[in-house]
Structures are given as structure tokens and as C-alpha cells.
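The values are calculated or read from the model by the stated rules, or taken from the named source; none is laboratory data. Remember, predicted model here, so these are calculated numbers, not experimental data. Virtual Cβ from ideal backbone geometry, glycine too; neighbours counted across all protein chains shown. What goes into the accessible areas is simple: the full protein's heavy atoms, side chains included, and nothing from ligands, DNA or RNA. Shrake-Rupley method; radii C 1.70, N 1.55, O 1.52, S 1.80 Å.
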Amino acid sequence: MKTEERHQLQKNELADWLGEHAASIQPYLKTLIGVAILVLVGFLALNVMRGQNEGRNQAAWAGFFEAQVMNDPDAAKEVARRFPNTQAAAWAWQWAGDFELAESSSLAFTDRAEYREGLEASQEAYEAALNANPPTLIEQRARLGLAQVYEGLDELEKAQETYQQIVTRWPA
């Protein structure tokens, strides 16, 4: 029994196969090694880029949350400018628009010039949010805010059209 076990252990099918096919692989060995190295370098580069992108997203969200805590729409806008094409940028623009709209609304009957200036700042932020490839929730909120801005600016046709877009696009 021990002799049979030793014979089975000595016989390695993989080694036999490699031995038989090594000669046929030999002309392609440099190419195969080159391809393997390229795949490895590509994988490493992808991981580095993914890590940088994660760091960029984290910095964008941290900046946005800091702007919110400080109640600073200009800081939120700066975050959105520094980190375009991120979800944080869309949220920052939309939040800045909401903040500017709320702040300016309190001036509607006391300082019309400041009121109008605040509404225009809100409009700019909402439009930037819509141009930032926002998720659906941000798009809905930005369009609603934009309709309210149009109302405040006495652009009632634009306001009605924007409200209608909201109802048509999201009937629920």
C-alpha cells in the first residue's frame, strides 16, 4: 500500500502537463509575461485612481457639511466649484440656493433691492445644481426652488412653466 501511495504522490499531473506543453509555450513566454505585467500595472493604476477619487469625494462632503454648519452659502458654492461633477457639488449648489432664498424672503417687504439680489443668487445656485448632473431628489428641490425664485422676481409665466415641469415629470 505504501508503494502505491508513493507512486501516486510522485505522479503530478500538472507538472506532467506543464512539462509536455512547456516547449509550445516557450515562443510566447515573453509576450505572456508582458501582458501579465500590463494587467498588473493597469490594476494598480485603477486602484490608485479609485483611492484618489474617494479622497476627493470625502473632501467635497467634508467641505459641504462644514459650510452647512457655518450657515455659509458662499463656502458651499466654493466647495461645488472646487469639486465639480460630484454628488456633494450638486447638494452644495442646491443647499446654497435654499439658504439664499430663505434669507432673501425675509427682505421682501423691507428692502426690495436686497431681496432681488438674494433671489438672483438663489437662481444662480439652483441653475448650477441642475447643471451638476444631480440625483433626482436634488433636481426636484432645485426646480421647486427655481419656480419660487421666478415667483419672487414676478416672472410668473416662468414660474408656472417650472411648476408644470415638476408636476409632469414627477406626478406623485
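Probe of 1.4 angstrom, ligands and nucleic acids ignored: what's the accessible area per residue over region 19-171, in square angstrom?
On the way: 9750 Å² over 153 residues.
Roughly 64 Å² per residue, with all protein chains present.
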Query raised in the report: When the Karplus curve 6.51 cos²θ - 1.76 cosθ + 1.60 is applied with θ = phi - 60°, which whole-Hz ³J(HN,Hα) does each residue of region 157-172 get, with x for Gly and Pro?
Result: 5, 5, 4, 4, 4, 5, 4, 5, 4, 5, 5, 5, 6, 10, x, 6
Query raised in the report: When the label point is put 7 Å from the Cα of residue 56 along its Cα-to-beta-carbon vector, which residues of region 86-102 have a backbone N closer than 15 Å?
Result: 86-90
Query raised in the report: Given labels modelled 7 Å from the Cα in the Cβ direction, how far is it in nm from residue 78 to residue 172?
Result: 4.0 nm
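Assigning unit charges at the beta carbon (Lys, Arg +1; Asp, Glu -1) and nothing else, what dipole magnitude in debye, to the nearest 20, does region 54-113 show about its Cα centre?
Values: 5 positive and 9 negative charges, 45 e Å.
Dipole magnitude for region 54-113 comes out near 220 debye.
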Query raised in the report: Tell me, what is the FRET efficiency for residue 120 and residue 85 to the nearest 0.05, using R0 = 30 angstrom and their Cβ-Cβ distance as r?
Result: 0.75
Query raised in the report: Can you tell me the Rg and the Dmax, both Å, for the Cα atoms in region 34-172?
Result: 19.2, 73
Query - Hz values of 3J(HN,Hα) by residue in region 95-103 - Karplus curve (6.51, -1.76, 1.60), Gly and Pro given as x - result: 5, 4, x, 4, 5, 4, 5, 5, 5
